[in-house]
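Each remark here refers to the structure printed beneath this line.
The values are calculated or read from the model by the stated rules, or taken from the named source; none is laboratory data. These figures come from a predicted structure and were not determined experimentally. Every residue, glycine among them, receives a Cβ derived from its backbone with ideal geometry; neighbour counts consider all protein chains shown.
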Amino acid sequence: MSVNSHDPFSAPDSGPTDPFLGDPNDPSKLLDELDPVEPLTDTDRKEIAADLAELSEFQAALSPHGIQGIVVDCGDCGEQHYFSWALMASNLRSLLGHGRTGVHEPAAEPLTDSYVTWDYARGFTDALAHRS
Ligand SMILES: [Zn+2]
């Protein structure tokens, strides 16, 4: 079982590649594939830990701009799910702890303009990181 396609720990060349490029469904697959309760592999745990680390970068970079969290196109129910930074982080942490999460529980009355996709957040933080 693969959480997603990127594994920064095993990729010696961690350049500005975007593993979601050309695959807009990847971020929701990330969550959907974890829906069944299965034991996490070490790779899964590393990837989730990497996602958590990335998420905190996103929050640090984006929250000063009024962005409140991540929106995910859900391949399961076809809806968009809005996760505040804290909710997304707690979902990822609960994956590490229990192997499942409440992805379909939306944030209460999200301000939808204040949420960005994982892709967008990654592009934004990449741009900041490469700004001299
Ligand atoms: Zn859903």
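What the table below lists for this structure:
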quantity	calculated
Close pairs (8 angstrom Cβ cut-off, 6 or more residues apart or separate chains): over 14 Å from M88 (Cα atoms) in segment 60-75, surrounded by fewer than 18 Cβ atoms within 10 Å (Cβ to Cβ) and aliphatic (A, V, I, L, M) anywhere	A61/L128
L30 being among the hydrophobic types (A, V, I, L, M, F, W, C), touching a helix residue (DSSP H, G or I) at 6+ places or on another chain (Cβ under 9 Å) and modelled with pLDDT under 75	yes
Test for G78: is it touching a helix residue (DSSP H, G or I) at 6+ places or on another chain (Cβ under 7 Å) and at pLDDT 60 or above	no
Given (1) more than 16 Å from the ligand (Cβ to nearest atom); (2) surrounded by 13 or more Cβ atoms within 10 Å (Cβ to Cβ); (3) modelled with pLDDT under 90, number of the condition W85 does not satisfy	(3)
Failed condition for G66, given (1) at positive phi; (2) at pLDDT below 95	(2)
Test result for T101, hydroxyl-bearing (S, T, Y), within 14 Å of the chain's Cα centre (by Cα) and at pLDDT below 85	yes
Residue tally, condition surrounded by 16 or more Cβ atoms within 10 Å (Cβ to Cβ), at pLDDT below 85 and farther than 14 Å from V71 by Cβ, over segment 104-126	0
